[in-house]
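The values are calculated or read from the model by the stated rules, or taken from the named source; none is laboratory data. These numbers were taken from a predicted model, which means no experiment stands behind them. Note: ideal-geometry Cβ built from the backbone for every residue, glycine included; neighbour counts use all protein chains shown. To get the accessible areas, we keep the full protein, side chains included, count just its heavy atoms, and leave off ligands, DNA and RNA. Shrake-Rupley method; radii C 1.70, N 1.55, O 1.52, S 1.80 Å.
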Amino acid sequence: MDFLSDTVVLSRMQFALTAIFHMLWPVLSTGMAIYLVVVEGLWLKTRNRDYYLHARFWAKLYVLNFGIGVASGLPMEFQFGTNWAPFSEAVGDFFGSILGFEGAMAFMLEAGFLGIMLFGWDRVPPLMHWLATIMVAFGANLSTFWILTANSWLQTPTGGEFIEGKFIVSDYFQAILNPFMLNSFLHMFFATLETSLFVIGGISAWYILNRRHPEFFGQSLKVVLAVALVVAPLQIFIGHLSAEQVYHYQPSKLAAMEAQWETIPAGSSPAWSLVALPNDREGQNKWEVKVPGMLSYLLELKPTLSEPVQGLNEWAPQDRPHMVGLIYYSFRIMSGIGIFLAGLMGFSVWRWLRGKLTAEAIVDQKLMLWGWLLAAPMGYVAVECGWIVRCVGRQPWTVYGELRTADMATPLPAPEVLTSLLGFAAMYSMLFVGALYFGSRIIRKGPNLELPLPQSVSKDTLEVEPMQHQPDQRPVETQQ
Amino acid sequence: MEALEQFLPQVWFVILGLFLFLYVTLDGFDLGVGILSLTASNEESRSILMTSLGNIWDANETWLVLVGGTLFGAFPLAYATVLHALYIPVSVMVGGLILRAVAFEFRENSVRSKQLWNFAFGAGSFMAALGQGFAVGTVFEGIAVDTAGHFVGGVWDWLSWKSLLVALTLIQGYVLIGSTYLVMKTTGTLQQTHYKTAKLAAVTTFLGAVFITVSTPVFYEQMRDRMFDPPLFYFFAAIPLLGSLFVALLLRSLGKEQERMPFVWTVLIFLLSFLGLGLIIFPYIIPPQITIYQAAASPSALVFMIIFIGFLIPIMLFYNIYNYVVFRGKVTQAHESD
């Protein structure tokens, strides 16, 4: 139990713990915000009351997630200073400014309009309300943009240089537009959207399987399906581009993702490892199952490699990522889920085109509905695995190739860090259990289909013009 | 260029001050209401208390995120050193903020465990205020650093009777502003109760402030020199005098049962105390050694941040005010959970 007295290890554990837990909530609130914009917009356009009820129902799950997301995110911001003070000092010029932008541009926008979105239905006109929803969604996604900008810069630092251990920026736009930025942002943007879509779809499927309001939830499933049709395949494509970037810019991470110990020369057509048992200490895989000739297709879409794939043994043990097994399997799980979700989407669209998603027929689509139910948590797993690949794979560097994680931790006494780590672990477990418990309660309770329309709207519909008045044609006795 | 190197950190010191003041005032009444909820007599009044915060607590707390972000970006050294020195108070604050935020969401959806989340809401608010109070007290008192500005003290340095005094005064201040906010937002018995808590908190906050004002020149040599330096002396003499006047006006308006003025006076008292603290600390950002000029990011970073954050300040203020305008008026019943 040496690690209990190692501040660096404890600080890393604390960061990993807070990041892994925190990630669970913004994933949903960021993607679901876009869904809420879509259904509210559909309501304003079609005036179909059901869309309004969708907006109200899903917003309940949204706000639960949002609140916990905010709460669990606070430690992230302060941790850079408390546990990684040398890091903060070294890269504050750029990294700190970006976190400042996130707060001022994104987070404040989201928080400033959230109150109106949640409680303002009867206080502002419908279009203003929709604008508030749009601002919330825009703010959330702008957060993704800035966070991914900051993180991408850690992976591919550009726009300045390290002088005496401090990063001095010479060109901010170059630093923001670092090589990883665009694909990383898009990959995460689609990840939040896809995860949210399959959560909404999965919950809808659960209602339909239980024959609760199948028509109502068939509707949300179709909205989800229409968006997923674009998102799911696109995500696989962006994912591929991201992996290709890792291949070019972070060879030690790529080697860990593929558990490749020995260098493969350019011009060969190597096998791709499907399952393996990597062994860090011996610098090789204990056993593995390989698909012949596959790797060059995956990396370059060509039968032979144009660049060599460097093996982990090229680097001294202290210069390459550890926990190769974790990185290797996280990558495989993430990719597998991406392909499964796209497949499920394809299958569902096929059923839709065959006319099987009507209110009457949809309840019999057991296989498809179970697929969706199973898919609901998968996005989360994929996102977590993706972040593990991204950040564990970057080790031993905090800023790739420049600053070592081991030098960046605050020299705190280990017992203090251990105490805060245990405190956060307890608190986050409570958040996790609470979120599942109260989230499932909202779901079990279901939507309130009796909910009246907002006051301003119901007034409009009541004010019937005298010209349009239709005299009651019924016999006098049956008139009330 | 040299003028710029002086000017930019000063601009960011003022912006940081603005964000911090907005945070302390806005989340101040938020946390104050939270602490007061511990004393609420029944579930209905507690619901009204929490409803009065429902649409704004999150936006208010965001100013803290902004304070953190701008400190990190504009004064990285201060961010690193201060948070290192304040490891425990900051962890307590963050823990408290987590508790109260989730208490909001969980309470709303709970049936049997309402009491538990009520308590978590109040206790979380108290923890957050306590952590902040110790943080302010410690920064005020001074942080032990080497010549490079790195923290060289121990993890318990923040704990002293002087920082405890600041912490208790800040908690009282939050209870005061929370009470005057509730006077403005509620009616009937609930309003009457908070006229009382406001009076009590006004007195205790005032006593704390007097004690801090008097003890500062007595115990801190460096600050004594600054405070009795001629041009600043007039400010340091004027602030407590004006502050006492505002407290008197606050008590009078509470006595006359005015609805909005108590909150206004309290905000002015906050502003005045804040200016006093700012003037004493300036130009240091890690008292008693590191100035804002030493801790500042590079001039290009500061300019870049002004371009990206500076123009957003009026916009942020605008939509935050709009949010308050939309939800103006009394809270007479809890949000209906549909």
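What the table below lists for this structure:
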quantity: Amide hydrogen neighbours beyond the local backbone of A:Gln284, cut-off 5 Å, H modeled; calculated: A:Asn279
quantity: Buried solvent-accessible surface, both chains (B, A), 1.4 Å probe, Å² to nearest 100; calculated: 5800 Å²
quantity: Prolate/oblate/rounded call for chain A, Cα gyration tensor, a/c under 1.5 rounded; calculated: prolate
quantity: Net charge of neighbours whose Cβ lies under 12 Å from the Cβ of A:Val389, counting Lys and Arg as +1 and Asp and Glu as -1; calculated: +2
quantity: Centroid-to-centroid separation of segment B:131-176 and segment B:9-77 [C-alpha atoms, Å]; calculated: 19 Å
quantity: Amide proton proximity set for A:Thr398, modelled H, under 5 Å, gap of 5+; calculated: A:Leu403, A:Arg404, A:Thr405
quantity: Per residue convex hull volume, Cα atoms of segment A:167-305, in Å³; calculated: 200 Å³
quantity: Computed over segment B:202-338: relative contact order in percent, which uses C-alpha pairs under 8 Å that are six or more apart; calculated: 15 percent
quantity: Loop GluC sites (Glu not before Pro), segment A:219-283 (other Cβ atoms within 10 Å of the site Cβ: 15 or fewer; DSSP); calculated: A:Glu262, A:Glu282
quantity: Restricting segment B:264-338 to chymotrypsin sites (Phe, Trp or Tyr not before Pro) in coil, as DSSP defines it, with at most 14 other Cβ within 10 Å; calculated: B:Phe311
quantity: Hits among lysines - C-alpha to C-alpha of A:Lys356 under 18 Å, sequence gap 8 or more where chains match; calculated: A:Lys222, A:Lys366
quantity: Sequence-separation-based contact order of chain A, relative, with Cα cut under 8 Å and 6+ spacing, percent; calculated: 21 percent
quantity: Rounded percent of accessible protein surface that carbon and sulfur make up, segment A:200-288, 1.4 Å probe; calculated: 59 percent
quantity: Value at 222 nm in deg cm²/dmol, rounded to 500, when DSSP H runs of n ≥ 4 in chain B each add -39,500 (n - 2.57); calculated: -26500 deg cm²/dmol
quantity: B:Asp146 versus B:Glu43: modelled label distance in nm, points set 7 Å from Cα along the beta carbon direction; calculated: 5.9 nm
quantity: Euclidean distance of C-alpha centroids, segment B:282-338 and segment A:32-64, integer Å; calculated: 31 Å
quantity: Peptide B:109-117 - average C-beta neighbours from other chains (10 Å radius); calculated: 2
quantity: Hits among lysines - C-alpha to C-alpha of A:Lys286 under 25 Å, sequence gap 8 or more where chains match; calculated: A:Lys253
quantity: Solvent-accessible area per residue, Å², over the protein assembly as shown with all protein chains present [probe radius 1.4 Å]; calculated: 41 Å²
quantity: C-alpha long axis of helix B:76-85 to longest principal axis of chain B, angle in °; calculated: 60 degrees
quantity: Translational D in µm²/s for chain B (Stokes-Einstein at 4 °C, 1.567 mPa s, Kirkwood Rh from C-alpha pairs); calculated: 62 µm²/s
quantity: Spatially proximal lysines relative to B:Lys185 (Cα-Cα < 16 Å; intrachain offsets below 8 disregarded); calculated: B:Lys196, B:Lys330
quantity: Helix-only [θ]222 nm of chain A, DSSP H runs n ≥ 4, -39500 (n - 2.57) each, per residue, nearest 500; calculated: -22000 deg cm²/dmol
quantity: Per DSSP, loop GluC sites (Glu not before Pro) in segment A:164-237 with at most 12 further Cβ within 10 Å; calculated: A:Glu164
quantity: Distance (nanometres) between label positions extended 7 Å along Cα→Cβ at B:Lys256 and A:Trp350; calculated: 7.9 nm
quantity: Peptide-level mean, for A:414-426, of C-beta atoms on other protein chains within 10 Å; calculated: 2
quantity: Over segment B:140-242, relative contact order from alpha-carbon pairs under 8 Å, at least 6 apart, %; calculated: 20 percent
quantity: Helix A:414-445 vs. chain A, principal-axis angle (Cα, 0 to 90°, nearest 10); calculated: 30 degrees
quantity: Tensor-based shape of segment B:88-234 (alpha-carbon gyration tensor, a/c under 1.5 rounded, otherwise prolate or oblate); calculated: oblate
quantity: Cα centroid separation, segment A:126-189 to segment A:209-240 (Å); calculated: 28 Å
quantity: Prolate/oblate/rounded label for segment A:96-173 (Cα gyration tensor, a/c 1.5); calculated: prolate
quantity: Accessible carbon and sulfur surface of segment A:348-421 relative to its total accessible area, %, 1.4 Å; calculated: 67 percent
quantity: C-alpha long axis of helix A:378-392 to longest principal axis of chain A, angle in °; calculated: 30 degrees
quantity: Rough spin-label spacing in nm, given labels placed 7 Å along Cα→Cβ, for A:Arg281 and B:Phe311; calculated: 5.9 nm
quantity: Nearest-0.05 FRET efficiency for B:Leu271 and A:Phe237, computed from C-beta distance (R0 45 Å); calculated: 0.25
quantity: Longest exposed-site-free window of chain B, the sites being trypsin sites (Lys or Arg not before Pro) in a DSSP loop that have at most 16 other C-beta atoms within 10 Å; calculated: B:113-255
quantity: For segment B:136-205, alpha-carbon Rg over 2.2 N^0.38 Å; calculated: 1.62
